[in-house]
Amino acid sequence: MSGNSGKNPVPVDTNGITPFQQMLASCSGALLTSLFVTPLDVVKIRLQAQKSPFPKGKCFVYCNGLMDHTCVCTNGNSKAWYKAPGHFNGTLDAFIKIVRREGIKSLWSGLPPTLIMAVPATVIYFTCYDQLRAALRVRMGSHAEEAPLLAGALARVGSVTVISPLELIRTKMQSQRSSYRELSEVIHSAVRNEGWRSLWRGWGPTLLRDVPFSAMYWYNYEKGKAWLCKHNNIREPTFAITFISGAVSGSIASIVTLPFDVVKTRRQVEIGELQAMNLSSKASSSTLSVMIKIVAENGVGGLFVGFLPRVIKVAPACAIMISCYEFGKAFFRKDEGQSCG
């Protein structure tokens, strides 16, 4: 085993610790990423709501740094974090006024329900990636350098597929405030009338954005990390190297996949609103038709709307997540080494 690790350092990264330890490392990274990034999205949505108030039944997309969630606006709750009153003159002004009027905890409003799905999805995604990368590098031989690209894409397909039904259920619960019994009846009715595929509405548009993003992200991350290690004449990446590699690779992937993100957000909002009105998502527009409509209305530039906010949010989120994950794996490997010693 030690002879193989000398020739190929990659299996050491994955086989040096157990899958359970990989899960713990990704879970800690997911929690820290959410804690850092959620306030940015809370402020962004408050500013959006101020410029164009969200009416009842309408949806917006909320992101905690790990994944997007469709939120349905409801009336009757003046304490709802996306409806709170106030006039903000900008991002910094919003931060200060929200903390002053509502307390610092309000910057993390909406975090608990989204973590219920975000943390499991992230754990599945990162653990599957590491396991797949190690297995593919052994089997791909001379093409082993492309293993991160394929492993990232496959891991994302798996996590999106697992979480998709939970997102649909959460959206229905939020929009209708149904009991679990009522929700169960709604789901059974949907499955009976439209089949099991009805639980994966919006799965296609999500994959169109997230799979290319993951493939590019992991490929560029592994390449960047290896280059920085070689440039600094070190074998193991430092926290700074993983942070920089994660931020740069996340920025590149977010820019390239931005058109898919714009289309996916529009479709996600549209599907959420149809679900809130108990209408079939078959009435919603296809991904291609949405893209054509955006280009017709706003030109090609319309597909790159939100360029700066997306990069500003994605870059630190990717950097924090991957740095925490790598640090966690290194901690467990070190702990295992000391235990063996």
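The values are calculated or read from the model by the stated rules, or taken from the named source; none is laboratory data. The shown structure was predicted, so the numbers you read here are calculated from the model rather than taken from an experiment. Virtual Cβ from ideal backbone geometry, glycine too; neighbours counted across all protein chains shown. Accessible surface is based on the protein model in full, side chains and every heavy atom, while ligands, DNA and RNA are left aside. Shrake-Rupley method; radii C 1.70, N 1.55, O 1.52, S 1.80 Å.
Going down the table (LYS313/LYS334; LYS44/LYS313; LYS264/LYS293), which pairs top 21 Å between alpha carbons? Result: LYS313/LYS334 exceed 21 Å.
Separation of region 120-159 and region 200-225, taken as the distance between their Cα centroids, equals 12 angstrom.
If the segment from LEU35 to ILE255 were pulled out straight at 0.36 nm per residue, it would be longer than the present Cα-Cα gap by 76.8 nm. Computed from backbone phi, the HN-Hα couplings of region 221-230 come to 5, 5, 5, x, 5, 5, 5, 5, 5, 5 Hz, rounded to whole numbers (Karplus: 6.51 cos²θ - 1.76 cosθ + 1.60, θ = phi - 60°; Gly and Pro given as x). Note that region 325-331 has calculated 3J(HN,Hα) couplings of 5, 5, 5, x, 5, 5, 4 Hz, one per residue in order, obtained from phi through the Karplus relation 6.51 cos²θ - 1.76 cosθ + 1.60 (θ = phi - 60°); glycine and proline are x. Placing a label point 7 Å from the Cα of LEU303 along the Cα-to-Cβ direction, the residues of region 207-240 whose backbone N falls under 16 Å from that point are 208-210, 212-213. The H on the amide N of ARG201, modeled in the peptide plane, is under 5 Å from the matching H of no residue at least 5 residues off or on a different chain. Measuring only protein heavy atoms, the 1.4 Å probe finds MET291 accessible over about 50 Å². Residue by residue, region 238-249 carries 3J(HN,Hα) couplings of 7, 4, 5, 5, 5, 5, 5, 4, x, 5, 5, 5 Hz when phi is fed to the Karplus relation 6.51 cos²θ - 1.76 cosθ + 1.60 (θ = phi - 60°); x denotes Gly or Pro.
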